[in-house]
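Everything on this sheet refers to the single structure shown next.
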Amino acid sequence: MEATLKFNLPDAKGDFELAVKAGAMHCVLWDFKQFMRDEIKYNGNLTDKEYELAERFQEKFFEILQDNAISLD
C-alpha cells in the first residue's frame with residue numbers, strides 16, 4: 001500500500017509543516033510520557049502533594065491522548 005500527501009503551497013504551508021513534523025511531535029510526547037513515568041516511579045524526593053500532582057498531570061495527559069485517538073505505543 002502506498003499513500004501520498006499533497007499540499008497546495010504556499011497556501012497550505014501550516015498543514016505541510018504539521019505533517020512534516022509529526023514524527024518529531026510523536027518523539028516529544030513519548031519523551032514527556034517517559035519523564036512523567038520516571039518522576040512518579042523513581043523520584044523519591046517528591047512530597048506527597050507533588051506526587052499527587054504528578055499523577056494528576058499524567059492522568060490528564062493520557063486522557064487528552066485518548067480523546068484525540070493518539071497512541072504512543
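Within the stretch 4-73, the proportion of C-alpha pairs whose separation exceeds 20 Å stands at 47%. Accessible surface of the chain, 1.4 Å probe: 56 percent of it comes from carbon and sulfur atoms. Computed with a 1.4 Å probe over protein heavy atoms only, the accessible surface of the stretch 1-54 comes to 88 Å² per residue. Of the peptides 62-71, 32-41, the order by per-residue mean of other Cβ atoms within 10 Å, starting with the highest, comes out as 32-41, 62-71. Where only DSSP H runs of four or more residues are counted, the chain gives -22500 deg cm²/dmol as its mean residue ellipticity at 222 nm, each run worth -39500 (n - 2.57).
The values are calculated or read from the model by the stated rules, or taken from the named source; none is laboratory data. Only a predicted model underlies this, so the values are computations on that prediction, with no experimental measurement involved. Positions of Cβ are backbone-derived with ideal geometry, glycine not excepted, and every protein chain shown enters the neighbour counts. Keep in mind that these areas ignore ligands, DNA and RNA; they rest on the heavy atoms of the full protein, side chains included. Shrake-Rupley method; radii C 1.70, N 1.55, O 1.52, S 1.80 Å.
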